Amino acid sequence: MAAIRAHASQFHNPNSTEPETRLTNKLFLDEIENRSRYFGSLIGVAAGEPYFVREALNISDPIDLLTRPMNIYS
C-alpha cells in the first residue's frame, strides 16, 4: 500500500475539480486494501494477490498439490 500511496496525486483528492474516476473515488484505496487482506486470509498471511490463468493447469494430483507444505519456493 505504501507503493500505491506514493502516487497520491493519482487517487482521491477532496480538493480536486477533475471528473471522478474509479481511481479517484474516495473508497478505491480501501477496496484495494480490503481485497488484499481477503486474499491473504485465504492463505494465512496479512495480504495477498491472486493470480488468474486463462488456460487449464496441468496438475496430475490436485489433492497432492493442496496438501504439500507451501513456501515461497513451492
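Here are a few things to note about the model shown:
- When residue 6 is tested against (1) out of contact with any Gly (no Cβ under 9 Å at 6 or more places or on another chain); (2) among the aliphatic types (A, V, I, L, M); (3) at pLDDT 90 or above; (4) surrounded by 10 or more Cβ atoms within 10 Å (Cβ to Cβ), just one condition goes unmet, and that condition is (4).
- Meets criteria (among the charged types (D, E, K, R) and loosely packed, with under 10 Cβ neighbours inside 10 Å) for residue 31: no
- Taking every residue in the stretch 55-66 that is surrounded by 10 or more Cβ atoms within 10 Å (Cβ to Cβ) and pairing it with any residue that is aromatic (Phe, Trp, Tyr) and in a loop (DSSP other than H, G, I, E, B), at least 6 positions away or on another chain, yields no pair with a Cβ-Cβ distance below 7 Å.
The values are calculated or read from the model by the stated rules, or taken from the named source; none is laboratory data. Computed from a predicted model, the values in this text were never measured in an experiment. Glycine gets a Cβ as well: all are built from the backbone with ideal geometry, and neighbour counts include every protein chain shown.
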